[in-house]
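Just below is one structure, and these are the notes that go with it.
The values are calculated or read from the model by the stated rules, or taken from the named source; none is laboratory data. These numbers come from a predicted model, not from an experiment. Reconstructed Cβ throughout: ideal geometry from the backbone, glycine too, with neighbour counts over all protein chains shown.
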Amino acid sequence: MFNPNISQKMEAQAPQRRTAQTPPRRNRDRFMTTTGKSEADYNAWASQVGRQMHINNLDRLICAQLGIYTVAHLAQLPTLLPEGVESEAQETSYLLENSVNPLELARLWQRVRIDATMYLSAETVLNEYLRPFPKDNFERWGDRNHLGDVSKSWFKKTGIELDVQLQEINEVAPIPVTMEDAIEFVKSWKPGGFVSPLQWQLTHIESRFQGLTTFRIKDYYAEHLLKMTQLVHPALTDTVPF
């Protein structure tokens with residue numbers, strides 16, 4: 001015989017299904033409930049966790065590529081410099097072309113990146129400030145026989161006169177630039193196209209790093225590599241007692 005009391009009891013014991021009115025608790029809700037912190041705190045924490053997971057994946061890629069257990073071992077694999085390499089410039093040049101150690105390239109990248117942002121020359125000033133000018137200006141102050149060396153992008157009939165531009169540039173530039181500087185610059189570079197030697201080095205380092213690791217170098221990962229290899233790892237430094 002059907003017993004309604006038993007049926008009601010079984011329904012009461014059955015697990016409650018979630019409905020549209022009772023959505024599942026999300027990580028954010030659990031975080032805020034457990035810690036008492038705000039949604040902004042959760043977003044910052046989640047971003048940090050995601051970044052660390054990404055870094056761990058990149059570490060695994062390097063370890064797999066080089067056959068090492070941890071990226072900390074990179075500090076134990078320096079590139080041997082040949083005789084005659086003594087100055088920092090010589091060392092940089094050699095490592096740039098020959099190092100197969102991502103740590104060394106990351107260290108180079110950090111140093112060159114800082115130097116590249118501080119690099120200052122007549123070319124960097126002109127690259128930032130010089131704008132197209134009338135074509136006859138080049139014929140007047142330059143050599144018309146070299147007109148073929150100059151990109152047509154530099155010439156604009158309604159552009160500001162070259163000497164006027166230089167006067168205005170020298171009022172704000174950190175170093176002086178001359179008419180000769182300007183003429184040589186437009187013969188060598190298109191507008192906005194100047195690449196400093198340090199910027200070229202930086203691009204080359206990035207290319208070599210990606211070729212070794214399969215991924216592009218970023219500032220946060222370069223910092224991670226340097227920190228990891230600066231830690232003291234007993235397994236790498238302890239003297240074996242036999």
Practice prompt. All but one of (1) exposed (fewer than 10 other Cβ atoms within 10 Å of the Cβ); (2) outside the structural domain of residue 216 (by TED's automatic domain parsing) hold for residue 67, so report the exception by its number.
Written response: (2)
Worksheet, complete the sentence: Only one of 20, 72 is outside the structural domain of residue 213 (by TED's automatic domain parsing), among the small types (Gly, Ala, Ser) and either out of contact with any strand residue (DSSP E or B) (no Cβ under 8 Å at 6 or more places or on another chain) or at pLDDT below 90 (or both), namely 20
Worksheet item: How many residues are of a type in the set (A, V, I, L, M, F, W, C), closer than 25 Å to residue 186 by Cβ and crowded, with 16+ Cβ neighbours inside 10 Å if we restrict to region 110-134?
Response: 6
Fill in: Every residue from region 97-109 that is crowded, with 17+ Cβ neighbours inside 10 Å and in a helix (DSSP H, G or I)
102, 103, 104, 105, 106, 107, 108, 109
Fill in: Test: residue 185 is under 30 Å from residue 102 (Cα atoms), aromatic (Phe, Trp, Tyr) and crowded, with 17+ Cβ neighbours inside 10 Å
no
Discussion item. Conditions first: (1) surrounded by 16 or more Cβ atoms within 10 Å (Cβ to Cβ); (2) of a type outside the set (Gly, Ala, Ser); (3) assigned to a loop (DSSP other than H, G, I, E, B). Residue 175 passes all but one, so which condition is the exception?
Written reply: (1)
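Do the conditions hold for residue 79, that is, is it part of a loop (DSSP other than H, G, I, E, B) and touching a Ser or Thr at 6+ places or on another chain (Cβ under 6 Å)?
Values: part of a loop (DSSP other than H, G, I, E, B): yes; touching a Ser or Thr at 6+ places or on another chain (Cβ under 6 Å): yes.
Against the criterion (part of a loop (DSSP other than H, G, I, E, B) and touching a Ser or Thr at 6+ places or on another chain (Cβ under 6 Å)), residue 79 qualifies.
If a residue must be charged (D, E, K, R), free of Cβ contacts under 8 Å to residues at least 60 places away in the same chain and in contact with a helix residue (DSSP H, G or I) (Cβ under 8 Å, 6 or more places away or on another chain), how many such residues does region 178-218 contain? Steps first, please.
Start the filter on region 178-218 by keeping residues that are charged (D, E, K, R), which leaves 180-181, 184, 187, 190, 206, 208, 216, 218.
Filter once more, keeping what is free of Cβ contacts under 8 Å to residues at least 60 places away in the same chain: 180-181, 184, 187, 190, 216, 218.
Then keep just the ones that are in contact with a helix residue (DSSP H, G or I) (Cβ under 8 Å, 6 or more places away or on another chain); that gives 181, 187, 190, 216.
Residues that pass the stated criteria total 4.
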Fill in: Identity of the residue in region 142-159, surrounded by 15 or more Cβ atoms within 10 Å (Cβ to Cβ) and among the hydrophobic types (A, V, I, L, M, F, W, C), that ends up farthest from residue 204 (Cα to Cα)
155
